Amino acid sequence: MNAVISPAAVDSAGIDTDTPPASGRAGGARRHASAWLAQGLSVAGFVLLWHALAATHARLGLVTFENVPTPLAALEAGRELVAGGKLGRHLGYSLWRVAAGFLAAAAAGIGLGLLIGRFASVRRALLPPLELMRPVPAVAWIPLAILMFPSGELSMVFITFVGALFPVLLNTIHGVEGVDRRLIAAARSLGTGRWQMFVQVIVPAALPSIATGLAIGMGTCWFCLVSAEMISGQFGIGYYTWESYTLQNYGGIIVGMLAIGLLGMGSSALIRLAARAAMPWTAMEASR
Amino acid sequence: MTGASIAAGRVEIERVHIEVGAGADRFEALHDVSATIEPGQFVCLLGPSGCGKSTLLGALAGHLPPARGTVRVDGVPVDGPHPDRGLVFQQHTLFPWQRVIDNVAYGLKMKGVTRAERRAQAEAMLGQVGLAGFERRYPAQLSGGMQQRVEIARVLINRPRVLLMDEPFGALDALTRARMQQLLLEVWARVRTTVVFVTHDIDEALFLADRILVMSARPGRLIEDLPLDFARPRSPALVTSAPFVALKRHCLELLHRGEAEVPLPRVTPLGAPAETGAAMAVST
C-alpha cells in the first residue's frame, strides 16, 4: 500500500484517465446511458465473483478466501457502524485530517513551486534538500512525526501534508518551467511588471499543471492518512479498518476500505470539478 | 480609437552588432547595421531565412540587447521591452485563459486604466480590426487570421510609437494572408504609427511598404535601401503591374546574391531558434 509516486508518474499521470470523455449533444445521451450500464454490470460482476469466492471459502493455493467476509457480511457490518452512531465521528476525523494536510500542502507546494520554477537562486537554495526528501515515502515519516509533534492529531495531519506536498510542488515547478517564453516576452512588451507577471501570466499558464498536482496530491493524502491512522489513531476511517481486524469484525474491514475508496474518489472528483470551473478555456482548447 | 494621439516614432539604428545563442553555439546574427526610419513610415525588412531580420526586430523590441551599437526611438535608447514598441509574433501570443476582450484590454490594465474605460477602448479597437462581436470568445475559438487580428489590436491599443511585426502572416493561407495585408494597411491608414515589418515574401514587402531594407544572409547586413512610391491606398491589382514586377525581379536578384549556401534556421526576436511542431502550430 505504500506505493511511492515516481517522478514520472507525478509529471505525466493523467488525472482523468478513469472518467469517460464528455459526450457530445446529439446521440450522446444514449451512449452515456450504455456507458453507465456497462460500468454497473462490471461492478455487479465483481461483487458476484467476490461473493462466490467468499461464500465457498475458496482456497486457491497462494491465496485463500477462508476468512474473507462475504458482501452480505460487509453490508451487515456497515449497517452496524451506521446504527452504532460512530460513522460520523470516524468520517469527520478523517476528513478534517485530509483537509488540513491537503490545504497546507497546496499552499506550501504551490508557493514554493512558483518561486523555485521562476527563480534560479531560489531553486539552488531549496531544491537539493527537497529532492533528498522526495523519495522518502510519507509512511516513513511516521516515527519522526510522532517525535516532532506532541499531539498525535498534528502528527497525522503532518503525514498527509508530506504525502501531498511533493506531487503539488513538482507539478507546480513543472508548470512554471513549461510556460511559453513567448507569452512572457509578449507580456513584458505589453508593460507587465515583475510581480504582475506572476499574477497575470505565470500562475494562469501553470494552472493546468498545478491542478494535476492537486488531484494527485489528494490521492496520496488519503493513503498516507490511512497508514498514519492505523498506527497512531483513535478515530478515523483508517483506524476503524485496522480496529475491525483486531476485533475480528472482518466485515468492517471491507466497510472501511470501501469508505476510503469512495472518499478518495469523491475528493479527487471535487478537485477536477473545481479545476474545470477555474479553467473554462481548457475546454475550448480540447474541443477544437 | 483615433490616430491623432499616436506619438512620432523615429527609429535610429546605429552600427548595431548582435550575437545570439549560448556558449559554443554563439554566433554573430547581425553585423554593423545602421538605418534611420522616419516617423509614420512603413518599412519592411526583407531577407532570406536566418538573415537576422527577426534579430534586428528583437533588438528594436528590447528583447535582444546589441553587443555593440545603439538603437534609439525618438532619441531614447532602447533598454528593454516597452508598450511603446509593440511586438507581433508569427505565432500569436494571446493569453489562452483570457477572453478576446480581456486580451486586447491587457495593456491598458497594466497601465491602471479603469475596467469600464479599457473595455470600451478594447471594443472600439476590435471594431477596427473587424472583430466586433467576438469579444467573449477565447483565443482557441478563433481562426489563425482572427487570432493575429486580436494580437495586432492588443498591441495597437497601447498606441505604440513603433509597431514591430515578425512575419505576422507567415503561418496563414494565401487568401487569408492577402486579406490581412489589406486590413493592416487600412488600420495603418487610420493609426499612422511607424511600422517595421519582417518578411521573406517579396510580394508582401512590395505590397505593404514605403521602403524595403534588404538584408543578406548571416551575419545579417543591409545590402539595399529600396524606396517604393506606389500610390496608396493600394489594391490587389498592384501586384500584377509592370513596375511592381520589375521591382520584384530586382529583389529576387538581391536575395539570390545575399543567400547563404546552406539554408539557415529561423531565429525568433527572442534570440532562440524557432520551435517547430504541434506545440506552436496555429490551427484553423
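Read-outs: derived from the displayed coordinates by stated rules, not from any lab. Bear in mind the structure is a predicted one, so any value in this text is a computation, not a measurement. A quick note on method: Cβ atoms are made from the backbone with ideal geometry, for glycine too, and the neighbour counts reach across all protein chains shown.
A compact table of results
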read-out	value
Cα gyration tensor shape of region B:1-105, rounded if a/c is under 1.5, else prolate or oblate by comparing a/b with b/c	oblate
Candidates B:Thr199, B:Thr93, B:Thr240, ranked by Gaussian network fluctuation over chain B, Cα under 10 Å, top entry	B:Thr240
Listed peptides A:101-111, B:244-254, A:240-250 by packing density, highest first (mean Cβ within 10 Å)	A:101-111, A:240-250, B:244-254
Shape of chain A, Cα gyration tensor, a/c cut at 1.5	oblate
Relative contact order of region B:111-217, pairs being alpha-carbon contacts under 8 Å that are 6 or more residues apart, as %	25 percent
Zone of B:Lys111's modelled label, taken as backbone nitrogen in region B:129-164 under 13 Å from a point 7 Å along Cα→Cβ	B:154-162
Highest to lowest packing among B:104-111, B:75-82, B:157-164, B:185-192, scored as the average C-beta count within 10 Å	B:157-164, B:104-111, B:185-192, B:75-82
Alpha carbon centroid spacing (whole Å) that separates region A:150-198 from region B:14-35	36 Å
Net length gained if the chain between A:Lys86 and A:Ala55 were fully extended (0.36 nm per residue, minus Cα distance)	8.3 nm
Simple Cβ-charge dipole of the protein assembly as shown, Lys/Arg +1 and Asp/Glu -1, about Cα centre, in debye nearest 20	1100 debye
Ranked A:Thr172, A:Thr64, criterion: other C-beta atoms within 10 Å, fewest first	A:Thr64, A:Thr172
Length-normalised contact order of chain A in % [C-alpha pairs under 8 Å, at least 6 apart]	22 percent
Shielding by partners, peptide B:59-68 (average Cβ within 10 angstrom, other chains)	1
The protein assembly as shown - share of DSSP beta bridges that are antiparallel (%, nearest 5)	55 percent
Amide proton proximity set for B:Arg68, modelled H, under 5 Å, gap of 5+	B:His17
Helix-only [θ]222 nm of chain B, DSSP H runs n ≥ 4, -39500 (n - 2.57) each, per residue, nearest 500	-10000 deg cm²/dmol
Prolate/oblate/rounded call for the protein assembly as shown, Cα gyration tensor, a/c under 1.5 rounded	prolate
Helix-only mean residue ellipticity at 222 nm for chain A, each DSSP H run of n ≥ 4 adding -39500 (n - 2.57), per residue, nearest 500	-25000 deg cm²/dmol
Candidates A:Ala275, A:Ala77, A:Ala140, ranked by Gaussian network fluctuation over chain A, Cα under 10 Å, top entry	A:Ala140
Cα long-axis angle, helix A:152-177 against chain A (0 to 90 degrees, to the nearest 10)	40 degrees
Cβ neighbours within 10 Å from other chains - mean over A:121-131	0
Sites B:Glu12 and B:Asp225 - FRET efficiency at Förster radius 22 Å, r taken between beta-carbons, to 0.05	0.95
Residues whose placed amide H lies under 5 Å from that of B:Ile223, excluding near-sequence neighbours	B:Val214, B:Met215, B:Ser216
Average Cα contact separation per residue, region B:5-59, under 8 Å, 6 or more apart, as relative contact order %	34 percent
GNM top mover of A:Ile210, A:Ile202, A:Ile159 - chain A, alpha-carbon springs below 10 Å	A:Ile202
Euclidean distance of C-alpha centroids, region A:43-108 and region B:57-86, integer Å	66 Å
For region B:184-259 versus region B:101-167, the gap between their alpha-carbon centres in whole angstrom	27 Å
Peptides A:119-128, B:51-60, B:168-177, A:141-150 ordered by average Cβ neighbours within 10 Å, highest first	B:51-60, B:168-177, A:141-150, A:119-128
Cβ-Cβ FRET estimate between B:Arg68 and B:Asp173, R0 fixed at 41 Å, reported to 0.05	0.50
A:Ala33-A:Arg181 pseudo-label distance in nm [points 7 Å out on the Cα-to-Cβ vector]	5.5 nm
Average projected area [Cα convex hull, region A:18-124], square nanometres	13.9 nm²
Inter-chain shielding of B:80-89 (mean C-beta neighbours from other protein chains, 10 Å cut-off)	4
Karplus-derived HN-Hα couplings along region A:71-86 (A = 6.51, B = -1.76, C = 1.60, θ = phi - 60°), whole Hz, x at Gly and Pro	x, 5, 5, 5, 4, 5, 4, x, 4, 5, 4, 5, 5, x, x, 8
B:Arg249-B:Arg136 FRET efficiency (beta carbon distance; Förster radius 56 Å; 0.05 resolution)	0.70
